[in-house]
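Taken together, the values in this text are just the output of simple stated rules run on the coordinates, not laboratory data. Just so you know, these numbers come straight off a predicted model, no measurement behind them. Glycine also receives a Cβ, built like all others from the backbone with ideal geometry; neighbour counts cover every protein chain displayed.
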Ligand code: BDR
Ligand code: CA
């Protein structure tokens, strides 16, 4: 049997984070999900941690720990995005008390301990980040040698040709903690970045969400409801075009890399200018002064991503309705 890929999933659920979590949790045979770490982002840190626990319940994966993390960005005030994710952060999904709460231990400590043991066992970890990158930056700043335990970063964040979704040129995850993003992009291991240029190609059209809903598993129904919530938001454009599916992209890539095409580049993040704070300067031209530290996703096979979601959310893999 193929060895499962070791993964830490750092996120701020968040409607699309929740769909990404459902996908990662359904991929038991392919991903060794060592832990979910949460951060303040779309909603407060308390809510993102609770939401991750609720999603874990839906997927029936009490074996995966959830560790709550940073309550604010490295050196700025939190920027929330509840208008895109609903007051709870999970659209209109019913919110109860999770069956199990978070595991004791701060997310930053969990990331550090896991990377230390990855170094000791030579089993490197892929870190998926679909929220502000505060937790990962804090862990690596505390002990830069931990980078040796990282196989790669797979992040949702940034924008180039599409322009921004929170300011004219910045994408939310980078804008919310540009200092952390700048640190992670330049930390060393290759960063696979799924910015708006790619995620805007993957749209949850009504036909696609209806097909997911019809699968009837718990994960399918929850994912479809989350996607339908996003589709109904005027800010996401006409309903029939479908809302962009951001955060599931890095997980889909881990499961089916052929669905994405990349260009190597160097990325610097604007951390000072009030006008362009969080702008990702994506430089495709190679130069000896700038390492090509990032693989920038330029093309996504949207049908392929939705076929993948359907396969993983089919009853049997993702719990009965
Ligand atoms: C990103 O911003 C958040 O609101 C979403 O969850 C996603 O991670 C898209 O720009
Ligand atoms: Ca997110």
Every residue from the stretch 161-178 that is surrounded by fewer than 24 Cβ atoms within 10 Å (Cβ to Cβ) and touching a helix residue (DSSP H, G or I) at 6+ places or on another chain (Cβ under 7 Å)
161, 162, 165, 166, 167
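Would it be correct to say that residue 47 is away from ligand 1 (no atom under 12 Å from the Cβ), surrounded by 24 or more Cβ atoms within 10 Å (Cβ to Cβ) and farther than 24 Å from residue 257 by Cβ? Don't jump to the end; show me each part of the working.
On the way: away from ligand 1 (no atom under 12 Å from the Cβ): yes; surrounded by 24 or more Cβ atoms within 10 Å (Cβ to Cβ): yes; farther than 24 Å from residue 257 by Cβ: yes.
Yes, satisfied.
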What residue, among those in the stretch 181-197 that are within 14 Å of ligand 2 (Cβ to nearest atom) and assigned to a helix (DSSP H, G or I), is nearest to residue 32 (Cα to Cα)?
181
Name the single residue that is nearest to ligand 2 (Cβ to nearest atom) among those in the stretch 152-171 being without any contact (Cβ under 8 Å) to a residue 60 or more places away in the chain and outside any loop (DSSP other than H, G, I, E, B).
153
Residues of the stretch 117-129 being surrounded by 16 or more Cβ atoms within 10 Å (Cβ to Cβ) and more than 20 Å from the chain's Cα centre (by Cα), which ones?
118, 119
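Out of curiosity, is residue 132 within 15 Å of ligand 2 (Cβ to nearest atom), farther than 21 Å from residue 20 by Cα and crowded, with 21+ Cβ neighbours inside 10 Å? Working first, answer last.
Values: within 15 Å of ligand 2 (Cβ to nearest atom): yes; farther than 21 Å from residue 20 by Cα: no; crowded, with 21+ Cβ neighbours inside 10 Å: yes.
The answer is no for residue 132.
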Residue list for the stretch 54-75, restricted to those being closer than 26 Å to residue 184 by Cβ, away from ligand 2 (no atom under 16 Å from the Cβ) and not in a loop (DSSP other than H, G, I, E, B)
56, 67
What number of residues in the stretch 218-243 are closer than 17 Å to residue 13 by Cβ and crowded, with 22+ Cβ neighbours inside 10 Å?
8
Scanning the stretch 206-256 for residues that are farther than 24 Å from residue 88 by Cβ and in contact with a strand residue (DSSP E or B) (Cβ under 9 Å, 6 or more places away or on another chain), which turns out farthest from ligand 2 (Cβ to nearest atom)?
241
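Conditions tested, residue by residue: (1) surrounded by fewer than 24 Cβ atoms within 10 Å (Cβ to Cβ); (2) within 14 Å of ligand 2 (Cβ to nearest atom); (3) within 17 Å of the chain's Cα centre (by Cα); (4) in a loop (DSSP other than H, G, I, E, B).
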residue	(1), (2), (3), (4)
18	no, yes, yes, no
24	no, yes, yes, no
32	yes, no, yes, no
35	yes, no, yes, no
52	no, yes, yes, no
77	yes, no, no, yes
84	yes, yes, yes, no
92	yes, no, no, yes
97	yes, no, no, yes
Options 174, 119, 111; residue that is free of Cβ contacts under 8 Å to residues at least 60 places away in the same chain and either away from ligand 1 (no atom under 16 Å from the Cβ) or part of a helix (DSSP H, G or I) (or both)
119
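Out of the residues in the stretch 1-16 that are away from ligand 1 (no atom under 12 Å from the Cβ) and assigned to a loop (DSSP other than H, G, I, E, B), state the one that is surrounded by the most Cβ atoms within 10 Å (Cβ to Cβ). Reasoning before the result, please.
Of the residues in the stretch 1-16, the ones away from ligand 1 (no atom under 12 Å from the Cβ) are 1-9.
If we keep only those that are assigned to a loop (DSSP other than H, G, I, E, B) as well, we get 1-4.
Working: 1: 4, 2: 6, 3: 8, 4: 13.
My answer is 4.
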Residue pairs qualifying under the 7 Å Cβ cut-off, at least six apart or on distinct chains, with the first in the stretch 277-291 being over 22 Å from residue 156 (Cα atoms) and the second being in a loop (DSSP other than H, G, I, E, B), are 286/292
Is it true that some residue in the stretch 236-246 is within 16 Å of ligand 1 (Cβ to nearest atom), under 28 Å from residue 5 (Cβ atoms) and part of a loop (DSSP other than H, G, I, E, B)?
yes
Residue list for the stretch 198-217, filter: in a loop (DSSP other than H, G, I, E, B) and surrounded by fewer than 22 Cβ atoms within 10 Å (Cβ to Cβ)
200, 201, 205, 216
Matching residues, the stretch 177-196, being touching a residue at least 60 places away in the same chain (Cβ under 8 Å) and touching a strand residue (DSSP E or B) at 6+ places or on another chain (Cβ under 6 Å):
178, 181, 182, 185, 190, 191, 192, 193, 194
